[in-house]
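What follows is one structure encoded as structure tokens, with my remarks underneath.
The values are calculated or read from the model by the stated rules, or taken from the named source; none is laboratory data. It should be emphasised that the depicted structure is a prediction, and the values quoted were computed from it without experimental measurement. Counting neighbours? That spans all protein chains shown, and the Cβs are built from the backbone with ideal geometry, glycine included.
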Amino acid sequence: MRAKDVKSENVQFSVIDLGRMPYGEALQRQELAHAEVLENPSSQIIFCVEHESVLTLGKNSDSANLLFPRDFYTRQGVELFDTERGGQVTAHMPGQLVVYPIINMAELKLSIRDYVNVLEESVIQTLAKYGINAHRDAEHPGVWIGHEKICALGVRIKSRVSMHGLALNVANDLALFGKIIPCGIKFRGVTSMERQLRQKPDMAVIRNQLTQEIISRLSGAVATAVQ
């Protein structure tokens, strides 16, 4: 685990790279961090992690979006977790960059819509550095390239502090997505940076670029609010 503190616009962010970690363990880290940020509003924590193969289901998920019985996935070494985030089912696996900002929304004076915009725009601008033209979709949260999703979003705000976050497909095997209906959206696909670039990008560089984009936009929101 590697951590660094970043101060921007008088807001202190702790960026913590958890490396590769099972989903359940990372969820426990989020819950502990949530309590810490709730107690200390000036503390903002951003976790970065790659998960072992897992399917996570949002609190209102439709089980029909699992194309096979649950034991089919577990026999293949894929864990399943029912979570309290928004959204439907999605997949995580090594090579995918997952970012969990544990952010005090009241301290940063953010609405939920503003926060989702920050995450989406941060991903869009990170991808633009690689010549990848990505966009939002008016009906479906996340970041898209045409009709293929490259980044999924699913957040939960509890006591005005955020949990969960985003999952950017960097250089992950996309096969598991073919065994579910990703995010409950039929007739659309998924893609990755590796597929778009036709080469494997550097995860450490992307991790740094994306967290810097998020911090810059969160800090900008604070600066705008206090003017």
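Within the option set A171, A167, being crowded, with 18+ Cβ neighbours inside 10 Å, at pLDDT 95 or above and in a loop (DSSP other than H, G, I, E, B) holds for one residue only, A171.
For the subset of the stretch 95-129 comprising residues that are polar (S, T, N, Q) and surrounded by fewer than 21 Cβ atoms within 10 Å (Cβ to Cβ), which member is farthest from Q30 (Cα to Cα)? Full working, then the answer.
First, pick out the residues of the stretch 95-129 that are polar (S, T, N, Q): 96, 104, 111, 117, 122, 125-126.
So of that shortlist, the ones also surrounded by fewer than 21 Cβ atoms within 10 Å (Cβ to Cβ) come out as 111, 117, 125.
Values: S111: 21, N117: 21, Q125: 26 Å.
The selected residue is Q125.
Residue-by-condition table, conditions (1) outside any strand (DSSP E or B); (2) more than 13 Å from the chain's Cα centre (by Cα); (3) over 19 Å from H140 (Cβ atoms); (4) not basic (K, R):
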| residue | (1), (2), (3), (4) |
| --- | --- |
| F47 | no, no, yes, yes |
| E84 | yes, yes, yes, yes |
| G87 | yes, no, no, yes |
| A91 | no, no, no, yes |
| E107 | yes, yes, yes, yes |
| L110 | yes, yes, yes, yes |
| Y115 | yes, no, no, yes |
| V118 | yes, no, no, yes |
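I'd like to know if the stretch 53-71 contains one or more residues that are under 20 Å from Q209 (Cβ atoms), within 14 Å of the chain's Cα centre (by Cα) and surrounded by 15 or more Cβ atoms within 10 Å (Cβ to Cβ).
Step one: list which residues in the stretch 53-71 are under 20 Å from Q209 (Cβ atoms), which gives none.
Among the residues of the stretch 53-71, not one is under 20 Å from Q209 (Cβ atoms), within 14 Å of the chain's Cα centre (by Cα) and surrounded by 15 or more Cβ atoms within 10 Å (Cβ to Cβ), which makes the answer no.
When V161 is tested against (1) of a type outside the set (S, T, N, Q); (2) closer than 30 Å to E107 by Cα; (3) under 15 Å from the mean Cα position of the chain (by Cα); (4) crowded, with 20+ Cβ neighbours inside 10 Å, just one condition goes unmet, and that condition is (3). Any chance the stretch 58-66 includes a residue that's assigned to a strand (DSSP E or B), touching a Ser or Thr at 6+ places or on another chain (Cβ under 9 Å), modelled with pLDDT under 90 and closer than 23 Å to R160 by Cβ? Looking through the stretch 58-66, none of the residues is assigned to a strand (DSSP E or B), touching a Ser or Thr at 6+ places or on another chain (Cβ under 9 Å), modelled with pLDDT under 90 and closer than 23 Å to R160 by Cβ.
Would you check which residues across the stretch 108-144 are farther than 17 Å from V170 by Cβ and in contact (Cβ under 8 Å) with a residue 60 or more places away in the chain and list them? Across the stretch 108-144, the qualifying residues are L108, K109, L110, D114, V118, E121. Here I145 meets each of (1) touching an Asp or Glu at 6+ places or on another chain (Cβ under 9 Å); (2) more than 16 Å from E50 (Cβ to Cβ); (3) not polar (S, T, N, Q) with one exception, condition (1). Scanning the stretch 135-156 for residues that are part of a loop (DSSP other than H, G, I, E, B) and surrounded by fewer than 24 Cβ atoms within 10 Å (Cβ to Cβ) turns up R136, D137, A138, E139, H140, P141, G146, H147.
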